[in-house]
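Encoded as structure tokens, the structure appears first; notes follow it.
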Amino acid sequence: MNWSGKRLALAALMALALLTLGSRQALVVAQETDDPVKIEIYKRFVDNRIQNPTAAYQAARDYLQKYPKDKDQYTDYLSKWVLAYERDERKRNLPILINEKKFAEAYSTGAKILSDEPNYLRAQIDLGYAGYLAASAKNETFNATALDYARKAIQAIESGKTPTEWAPFKGKDDTLAYLNYAVGFLTLKSSPDQAIDSLIKAAQYDSDIKKTPSTYYFLAIAYESGPYKTMSTAYQTNYAGKPETPESKAALEKLNVVMDRIVDAYARAIASAGTDPKTEASRKEWMAALSNYYKFRHDGSDAGMKEFIDAALQKPLPPKP
């Protein structure tokens, strides 16, 4: 995905009256001072303010640094303009930093953006999904922060709020799918039960996430490391090697339901991967895991397993038990 953002209009941050004032001030400065440097710097700012904001920003900084003791309408105006420009630049640079995988700088920049505007949804979305990008690159430093941003973004979008733009995602549903996918991935180790909920939710939206093999692989892992591990351990402790009872039978039935969810998730991962050479090694791993569970649920036989895989994506994703 291309995370390059569009430059936000500075006009939204600076009142039209101030912009008009800037043009008048250029003339007034020349009348009020005989300092040629002051006149030159301010004129440089005014001449570049619209067509070349970067040059205007440098001129404004030069003016404020050279005349720090001036407390008048000119320094007040330039101070406000510089602040607006810097806020704009942070918003523009955030997706670029994420795209370049400069995650530490991105989260530092994002914190400044959200300090100024706590409900700025575009930054919450970007930083929420960036946590997945970082963690998938073996950098889990930002997991907790990213989870917080992703959950806030999901809540805001579901309540009807919209960002300044949906890109790099395709729209509302696509954004929600990727954010829920990120939450699922980021909670996979710490809270697999929660990961199941988020991954199932991510797969409900009509987006690329619904067709992505890793969505279902992570779902299988979440079931395995969450409810299956807990229930299997409990069953072995309480009922293994003992005569069947109504309680043990009920416990086994519940465990079988979870195993069926694991089988379904692996089958979907394999089916959505297709014959892509890039997923060949993963498919072999998934097929081995699927075969073990499938045979256990079918008296040691793998009869019908291929047909089960082929039909997996044609069925609705089963809910969490």
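Could you please let me know if residue 141 is β-branched (Val, Ile, Thr), free of Cβ contacts under 8 Å to residues at least 40 places away in the same chain and not in a helix (DSSP H, G or I)? Spelling it out, residue 141 is indeed β-branched (Val, Ile, Thr), free of Cβ contacts under 8 Å to residues at least 40 places away in the same chain and not in a helix (DSSP H, G or I). Is it the case that some residue within segment 159-173 is within 15 Å of residue 122 (Cβ to Cβ), of a type in the set (Gly, Ala, Ser) and part of a helix (DSSP H, G or I)? Scanning segment 159-173 turns up no residue that is within 15 Å of residue 122 (Cβ to Cβ), of a type in the set (Gly, Ala, Ser) and part of a helix (DSSP H, G or I). Among the residues here, residue 250 does not qualify as in the same structural domain as residue 171 (by TED's automatic domain parsing), part of a helix (DSSP H, G or I) and aliphatic (A, V, I, L, M).
Can you name the helices (runs of 4 or more DSSP H) wholly within segment 1-116 that have at least 1 residues being buried (at least 18 other Cβ atoms within 10 Å of the Cβ) and modelled with pLDDT of 85 or more?
Hits in segment 1-116: 36-48, 53-66, 73-99, 103-116.
Within the option set 215, 230, 237, being in a helix (DSSP H, G or I) and within 24 Å of residue 276 (Cα to Cα) holds for one residue only, 215.
Looking at segment 302-311, is at least one residue exposed (fewer than 14 other Cβ atoms within 10 Å of the Cβ), assigned to a loop (DSSP other than H, G, I, E, B), at positive phi and not aromatic (Phe, Trp, Tyr)? Yes, segment 302-311 contains a residue that is exposed (fewer than 14 other Cβ atoms within 10 Å of the Cβ), assigned to a loop (DSSP other than H, G, I, E, B), at positive phi and not aromatic (Phe, Trp, Tyr). Residue 209 falls short on exactly one of the conditions (1) modelled with pLDDT under 95; (2) surrounded by 20 or more Cβ atoms within 10 Å (Cβ to Cβ), and that condition is (1). Within segment 218-253, the set of residues being loosely packed, with under 13 Cβ neighbours inside 10 Å and within 19 Å of residue 292 (Cα to Cα) comprises 233, 236, 253.
The rows are residues; the columns are (1) in contact with an Asp or Glu (Cβ under 7 Å, 6 or more places away or on another chain); (2) of a type outside the set (A, V, I, L, M); (3) touching a residue at least 60 places away in the same chain (Cβ under 8 Å).
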{"position": "287", "(1), (2), (3)": "no, no, no"}
{"position": "293", "(1), (2), (3)": "no, yes, no"}
{"position": "304", "(1), (2), (3)": "no, yes, no"}
{"position": "314", "(1), (2), (3)": "no, yes, no"}
{"position": "317", "(1), (2), (3)": "no, no, yes"}
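Here is a list: 251, 177, 240. Which entry is out of contact with any Gly (no Cβ under 7 Å at 6 or more places or on another chain) and at pLDDT below 95? Only one candidate qualifies: 240.
The values are calculated or read from the model by the stated rules, or taken from the named source; none is laboratory data. For clarity, every value in this text was computed on a predicted model and none was experimentally measured. Positions of Cβ are generated from backbone atoms using ideal geometry, with glycine treated the same way; all protein chains shown enter the neighbour counts.
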